[in-house]
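These notes concern the structure reproduced below.
None of the figures in this text is laboratory data; all of them are computed from the coordinates on show. Keep in mind it's a predicted model, so treat the numbers as computed, not measured. Cβ placement follows ideal geometry from the backbone for every residue including glycine, while neighbour counts extend to all protein chains displayed.
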Amino acid sequence: KRQDSSAPASPSGGVEYLVETDVGGQKLNLDFDTGSGDLWVFSTSLSASSQANHHVFNPSSSSTYKAMSGATWRIIYGDGSGASGTVGTDTVTVGGTTVKGQAVELANRVSAQFVQDANDGLLGLSFSNINTVRPTQQKTFFDNAKSSLTKPLFAAYLPLNANGAYDFGAINARHHTGSVAYTDVDSSGGFWQFPSTSYKVGGTKHSLSGVSAIADTGTTLLLIADAAVTTYYDAVQGASFDNQQGGYTFPCSASLPDFAVRIGSTNYATIPGSLINFAPIDNSGRTCFGGIQSVGQIAGMSIYGDVFFNAYYGVFDDAGPRFGFAPI
Ligand SMILES: Cc1nn(C)c(C)c1CC(=O)Nc1ccccn1
């Protein structure tokens, strides 16, 4: 019997979309992340202070949990956050899709950013070749589930300030308009990666030769090379780089131009300027933080995070593999 399903994804403070996930009978709110390959959870192995304000997984309370002797994991994300711990397997259910014997990584250490975040862990949806479990690398939930799905694909529907969904096994026509355009994916680096060699600011085209992008639901903003960031904010009245905020800010009243990015060798995906006003930096509502920011030192790479998915339904298709996108 096919296990296609659609799991609700709830926006948490606009920073991340959390999906209620059943791990060995325990409910955890996980951040589904197409930019990483580990399924890890807050656990009872963490210090009490790290556990505060989170649902934690207790392996002793699961009748289906099996420890994976000698296995460990350690992950560091591009923004410097990270976590590490031990490993076991358990039955994991998302929406109506169940995987038995899924590798579940128990955190015994998490960085400060995660203690402050609303999630109870991450569910990696990148390719399994970047899973950090050693000595035996483990598979992602999707890798394990795909044979039980009608089609080996999942899709991310992440509208701004509204409940979204992760669809497994089928494209949900209610989650997009128009037709889905596809680009081939190079999975060798573990990411849903494709060439993205030009962009448009308010309709004017600029090139980013040799640059690739990754479709990354676990990153909040759209991160791109400095040249593109300065070109964009040069077109925004009153915008400037704010060292204290660590990014470009502008008057919340500013009108923001559309930003289009080329996806593969096909068309552009256009993000309306309204979606590039990420959030006010304080309660006065005077100054706002931009949804387009610098990717920093990672040369030749752009990261299309939730700001992109607020405008486009993303289809992650293992047949290919290929990445599809269609306006929400
Ligand atoms: C935010 C960011 N800055 N830089 C340079 C990169 C590479 C990122 C992306 C990133 O780190 N994403 C992330 C963080 C935590 C959990 C999951 N994904």
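Please specify each residue of segment 114-127 satisfying the condition of being touching a Ser or Thr at 6+ places or on another chain (Cβ under 7 Å) and assigned to a strand (DSSP E or B).
Within segment 114-127, 122, 123, 124 qualify.
For segment 135-152, check the following and say yes or no: at least one residue is in a strand (DSSP E or B) and touching a residue at least 40 places away in the same chain (Cβ under 8 Å).
Checked segment 135-152: no residue is in a strand (DSSP E or B) and touching a residue at least 40 places away in the same chain (Cβ under 8 Å).
What is the number of the single condition among (1) closer than 19 Å to residue 234 by Cβ; (2) within 16 Å of the ligand (Cβ to nearest atom); (3) free of Cβ contacts under 8 Å to residues at least 60 places away in the same chain that residue 278 does not meet?
Result: residue 278 fails condition (3) only.
Residue by residue through segment 193-224, note down the ones that are over 29 Å from residue 166 (Cα atoms) and not in a strand (DSSP E or B).
202, 203, 208, 209, 210
Could you list, in sequence order, the residues of segment 77-113 that are farther than 30 Å from residue 149 by Cα and not in a loop (DSSP other than H, G, I, E, B)? Before you say what the answer is, go through the steps one by one.
Our first condition is that a residue be farther than 30 Å from residue 149 by Cα; within segment 77-113, this holds for 78-85, 108-113.
Of everything in segment 77-113, those that are farther than 30 Å from residue 149 by Cα and not in a loop (DSSP other than H, G, I, E, B) turn out to be 82, 83, 84, 85, 108, 109, 110, 112, 113.
For segment 198-225, name all the residues that are out of contact with any Gly (no Cβ under 7 Å at 6 or more places or on another chain) and more than 16 Å from the ligand (Cβ to nearest atom).
198, 199, 200, 201, 202, 203, 204, 205, 206, 207, 208, 209
Which of the residues that make up segment 289-303 are more than 11 Å from the ligand (Cβ to nearest atom) and buried (at least 22 other Cβ atoms within 10 Å of the Cβ)? Write out each step before concluding.
Within segment 289-303, the first condition is being more than 11 Å from the ligand (Cβ to nearest atom), and the residues that meet it are 289-292, 299-300.
Across segment 289-303, the qualifying residues are 290, 291, 292.
State whether one or more residues within segment 85-102 are within 20 Å of the chain's Cα centre (by Cα), within 11 Å of the ligand (Cβ to nearest atom) and in contact (Cβ under 8 Å) with a residue 12 or more places away in the chain.
Scanning segment 85-102 turns up no residue that is within 20 Å of the chain's Cα centre (by Cα), within 11 Å of the ligand (Cβ to nearest atom) and in contact (Cβ under 8 Å) with a residue 12 or more places away in the chain.
Scan segment 226-234 and tell me whether some residue there is touching a residue at least 24 places away in the same chain (Cβ under 8 Å), part of a loop (DSSP other than H, G, I, E, B) and buried (at least 16 other Cβ atoms within 10 Å of the Cβ).
Of all residues in segment 226-234, those touching a residue at least 24 places away in the same chain (Cβ under 8 Å) come to 226, 228-229, 231-233.
Next cut, part of a loop (DSSP other than H, G, I, E, B) only: none.
Within segment 226-234, not a single residue is touching a residue at least 24 places away in the same chain (Cβ under 8 Å), part of a loop (DSSP other than H, G, I, E, B) and buried (at least 16 other Cβ atoms within 10 Å of the Cβ).
Could you grab the pairs with beta carbons closer than 6 Å, sequence gap of 6+ or different chains, first residue in segment 18-47 and surrounded by fewer than 20 Cβ atoms within 10 Å (Cβ to Cβ), second one basic (Lys, Arg)?
20/27
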